[in-house]
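The structure under discussion appears below in the form of structure tokens.
Any read-out appearing in this document is the output of simple, stated calculations on the displayed coordinates, not a laboratory observation. If you're wondering where the values come from, they're calculated on a predicted model, not measured in any experiment. With ideal geometry, Cβ positions are generated from the backbone for all residues, glycine too; neighbour counts draw on all protein chains shown.
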Amino acid sequence: MKKTVISHSERETDRLGFLLGQAVNSGCVIAFYGDLGAGKTHFIAGLAKGLGYKGETYSPTFALVNEYLGGRLPLYHFDMYRITGWEDLYSTGFFDYMELGGVLAVEWSENIEAALPENVIRVTIRRLDDQSREITVDSTAENACFKEEAFFETIGD
Ligand SMILES: Nc1ncnc2c1ncn2[C@@H]1O[C@H](COP(=O)(O)OP(=O)(O)OP(=O)(O)O)[C@@H](O)[C@H]1O
Ligand SMILES: [Mg+2]
């Protein structure tokens, strides 16, 4: 299933992330696409809250991965901006994290396309103007970890 919505504010993007966080389960990989400043990190802050995480979220630009623990499931937040090959990717621990049974959120998934699992959920964010973003959520593949019908129903048209 695939749906595109327009977010008119940070708050709306946050809410969308929150709803996705409520609908995903162990083993979900959420791949983010979109330019610098599109709103990926912002969306993931909502996602973390939707998973019940109470702490701060922050961009993993330098750490490459942040772990948000203590919610319904752990959330592992990656930034693949600087990842250019398989060796780089292995060094982030990406494949080890996939085994841990949490949820993965991956910024700059463009850079690791070949490593994404078949059941990936893709979130593409496009800047329309200062406050507006076009956000597409796409989970076309068969996906046992994602309650997609409930999610797509709640996000409206
Ligand atoms: N509707 C909106 N949704 C999300 N962010 C918005 C929106 N309107 C404005 N913004 C602003 O856009 C910026 C998004 O920044 P954010 O760090 O989330 O982008 P990013 O896609 O993670 O960028 P990067 O590739 O640098 O990590 C923030 O400054 C935020 O305040
Ligand atoms: Mg970011």
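Taking Cα centroids, how far is region 88-157 from region 1-40 in Å?
8 Å
Antiparallel DSSP bridges in region 2-157: what percent, to the nearest 5?
Bridges in region 2-157 are about 60 percent antiparallel.
State the dimensionless ratio Rg/Rh of the chain (Rg: radius of gyration of Cα atoms; Rh: Kirkwood radius).
Taking Rg over the Kirkwood Rh, I get 0.93.
Using only helices, what value at 222 nm comes out for the chain when you add -39,500 (n - 2.57) per DSSP H run of length 4 or more and divide by the total residues, to the nearest 500 deg cm²/dmol?
Details: 5 runs with 44 residues, N = 157.
Taken over the chain, the calculation gives -8000 deg cm²/dmol.
Beta carbons within 10 angstrom, averaged per residue: use that to sort the peptides 99-111, 41-53, highest first. If you can, show how the numbers build up before the last one.
Values: 99-111: 20.8, 41-53: 23.1.
Descending mean neighbour count gives 41-53, 99-111.
Efficiency by 1/(1 + (r/R0)^6): what FRET value for Ser9 and Tyr81, r their Cβ-Cβ distance, R0 = 22 Å, to the nearest 0.05?
0.30
Quick one: compute the contact order of the chain, relative version, from alpha carbon pairs under 8 angstrom and 6+ residues apart, as a percent.
After rounding, I find 36 percent.
In a shell of Cβ-Cβ distance under 15 Å around Tyr81, excluding Tyr81 itself, what net charge do Lys and Arg (+1) and Asp and Glu (-1) give?
Net local charge, Tyr81 excluded: -4.
Given charges of +1 on the Cβ of Lys and Arg and -1 on the Cβ of Asp and Glu, with all other atoms neutral, how large is the dipole of the chain about its Cα centre, in debye to the nearest 20?
420 debye
Can you tell me the order of 77-89, 126-138 when each peptide is scored by its average per-residue count of other Cβ atoms within 10 angstrom, highest first?
Working: 77-89: 17.3, 126-138: 14.9.
The packing order, highest mean first, is 77-89, 126-138.
What lysines sit close enough to Lys3 to cross-link, taking a C-alpha to C-alpha distance under 16 Å and skipping anything fewer than 8 places away on the same chain?
Lys147
Using a Förster distance of 22 Å, how high is the FRET efficiency between Ala150 and Asp129, based on the Cβ-Cβ distance and rounded to 0.05?
0.10
What is region 69-157's relative contact order, in percent, from Cα pairs under 8 angstrom and six or more apart in sequence?
For region 69-157, the relative contact order is 23 percent.
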